[in-house]
Amino acid sequence: MRIVLRLAQRVAPTDSTVLITGESGTGKNTLCKFIHSKSKRAGRDLVNIDCAALPKELIEAELFGFERGAFTGATESKTGRLEAAHKSTLLLDEIALVPFESQAKLLRVLEEREFERLGGRKIFKIDVRVIATTNVELEAAIERKTFREDLFFRLNVMRIELPPLRERQADIPDLCDYFLRFFSAKHGLKDIILEKNALDMLQKYNFPGNIRELSNLLERAVLTADNNKVTVGNFPQLLPNTGSEKKCLTLAELEARHVRETLILTRGNKTEAAKLLGISRKNLYERIARHENQ
């Protein structure tokens with residue numbers, strides 16, 4: 001992480017394009033905000049487009065904007081995120097999900113710093129710094145023909161890879177201290193203390209959801225703590241089975257439980273849940289419907 005922060009601090013004052021890679025929940029967006037805050041563009045708002053949250057057919061409209069009559073329903077012109085990011089920083093979150101046919105237009109933006117709105121002919125020149133994030137191996141996506149190689153090379157100017165939390169367990173005590181103080185203040189509570197046995201349990205956990213999962217676990221623990229102390233009992237989902245449950249669940253039951261726990265972890269945010277589960281939102285909805293009575 002010291003190497004990551006040194007790279008971020010070195011590249012921040014420049015206008016270089018940055019590609020931040022890492023698993024979901026490792027803090028890619030937070031690192032992007034850090035780079036923007038240390039840049040000469042920090043006086044303007046960071047502009048974010050979440051490619052994972054938008055239907056493919058809407059990404060271009062959100063990114064480039066559109067003119068009136070460009071498509072059915074376009075009753076008036078609309079400014080896109082690129083125009084909004086003029087003189088600032090544009091975050092392309094989960095860029096691997098940009099449709100292949102739209103990637104050529106994005107490449108033009110990176111190379112020429114110009115674009116046209118959908119349905120328009122006017123060329124807009126922009127001064128924008130681009131930071132892209134992805135939890136997908138773009139080299140593998142290139143082999144699958146879902147990501148353009150030339151766009152990858154244009155993005156891959158300064159690449160910063162965030163390690164998963166399981167590879168930086170020494171950071172867990174400091175992260176716990178930060179989140180406990182943050183959530184205590186957020187909810188108007190006295191500073192909460194984390195007991196050593198609870199910290200030991202957290203340090204042994206694998207954290208598939210990375211820092212986002214740790215944050216959610218600690219917020220719940222703060223809200224359920226007795227006598228301002230967080231114990232192992234405040235993390236029931238990490239405790240071993242007591243033996244009261246069936247020793248062997250069916251695959252369907254295991255899947256249903258995993259989907260439910262992931263939705264609890266993301267507080268019902270289905271987009272985030274689908275990302276953590278590694279499936280599409282449509283697939284998640286299908287699984288929810290299939291397991292609703294389990």
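The values are calculated or read from the model by the stated rules, or taken from the named source; none is laboratory data. Here the structure is a predicted model, which means the values were calculated and not measured. Virtual Cβ from ideal backbone geometry, glycine too; neighbours counted across all protein chains shown. Just so you know, the surface numbers come from the protein's heavy atoms only, side chains and all, with ligands and any DNA or RNA stripped out. Shrake-Rupley method; radii C 1.70, N 1.55, O 1.52, S 1.80 Å.
Here are the numbers for this structure:
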{"read-out": "Computed log₁₀ I(q)/I(0) - Debye formula, equal Cα scatterers, no solvent, the stretch 151-196, q 0.21, 0.22 Å⁻¹", "value": "-0.77, -0.80"}
{"read-out": "Accessible carbon and sulfur surface of the chain relative to its total accessible area, %, 1.4 Å", "value": "50 percent"}
{"read-out": "With DNA, RNA and ligands ignored, accessible area of Glu261 (1.4 Å probe; Å², nearest 10)", "value": "100 Å²"}
{"read-out": "Accessible area, probe 1.4 Å, largest first, for residues Arg257, Arg220, Arg121", "value": "Arg121, Arg220, Arg257"}
{"read-out": "Formal net charge of residues neighbouring Ala225 (Cβ-Cβ distance under 13 Å; K, R +1; D, E -1)", "value": "-1"}
{"read-out": "Kirkwood Rh (inverse of mean 1/r, distinct Cα pairs), the stretch 124-273, angstrom", "value": "18.7 Å"}
{"read-out": "Per-peptide average of other Cβ atoms within 10 Å, ordering 269-282, 195-208, 19-32 highest first", "value": "19-32, 269-282, 195-208"}
{"read-out": "Heavy atoms of Phe179: accessible area, 1.4 Å probe, square angstrom to 10", "value": "30 Å²"}
{"read-out": "Nearest-0.05 FRET efficiency for Phe34 and Gln169, computed from C-beta distance (R0 25 Å)", "value": "0.70"}
{"read-out": "Theoretical gain in end-to-end length, Asp200 to Phe182 [0.36 nm per residue, Cα-Cα removed]", "value": "4.4 nm"}
{"read-out": "Where Arg290, Arg68 fall by accessible area, highest first, once all protein chains stay in place (1.4 Å)", "value": "Arg68, Arg290"}
{"read-out": "Globularity index of the stretch 144-224, i.e. its alpha-carbon radius of gyration over 2.2 N^0.38 Å", "value": "1.51"}
{"read-out": "Principal semi-axes in Å for the stretch 92-210 [√(5λ), Cα gyration tensor, largest first]", "value": "42, 20, 11"}
{"read-out": "Percent of Cα-Cα distances greater than 34 Å, calculated over the chain", "value": "32 percent"}
{"read-out": "Translational diffusion coefficient (Stokes-Einstein; Kirkwood radius from C-alpha pairs) of the stretch 47-87 at 4 °C, 1.567 mPa s, in µm²/s", "value": "121 µm²/s"}
{"read-out": "Residue list for the stretch 97-125, given a label point 7 angstrom along the Cα-to-Cβ vector of His86 and an amide N cut-off under 15 Å", "value": "113-117, 122-125"}
{"read-out": "Accessible area per residue in Å² at 1.4 Å probe, computed on the chain", "value": "56 Å²"}
{"read-out": "Solvent-accessible surface ranking, highest first, for Arg181, Arg81 at 1.4 angstrom", "value": "Arg181, Arg81"}
{"read-out": "For the stretch 1-117, the spread of Cα positions along each principal axis, largest first, Å", "value": "50, 29, 22"}
{"read-out": "Linear extension gain, Glu116 paired with Asp50, 0.36 nm per residue minus alpha-carbon span", "value": "21.7 nm"}
{"read-out": "For Val98, solvent-accessible area (1.4 Å; no DNA, RNA or ligand), Å²", "value": "10 Å²"}
{"read-out": "Radius 12 Å from Cβ of Leu238, net charge of other residues (Lys, Arg +1; Asp, Glu -1)", "value": "-1"}
{"read-out": "Where labels lie 7 Å past Cα in the beta-carbon direction, separation of Glu76 and Lys190 in nm", "value": "5.4 nm"}
{"read-out": "222 nm mean residue ellipticity, helices alone, for the chain (DSSP H n ≥ 4; -39,500 (n - 2.57); rounded to 500)", "value": "-13000 deg cm²/dmol"}
{"read-out": "Pairwise centroid distance, computed over Cα atoms, of the stretch 39-98 with the stretch 192-207, Å", "value": "41 Å"}
{"read-out": "The chain: most fluctuating residue of Leu223, Leu265, Leu151 per GNM, C-alpha cutoff 10 Å", "value": "Leu223"}
{"read-out": "Using a Förster distance of 30 Å, the FRET efficiency for Phe100-Ser16 (Cβ separation, nearest 0.05)", "value": "0.75"}
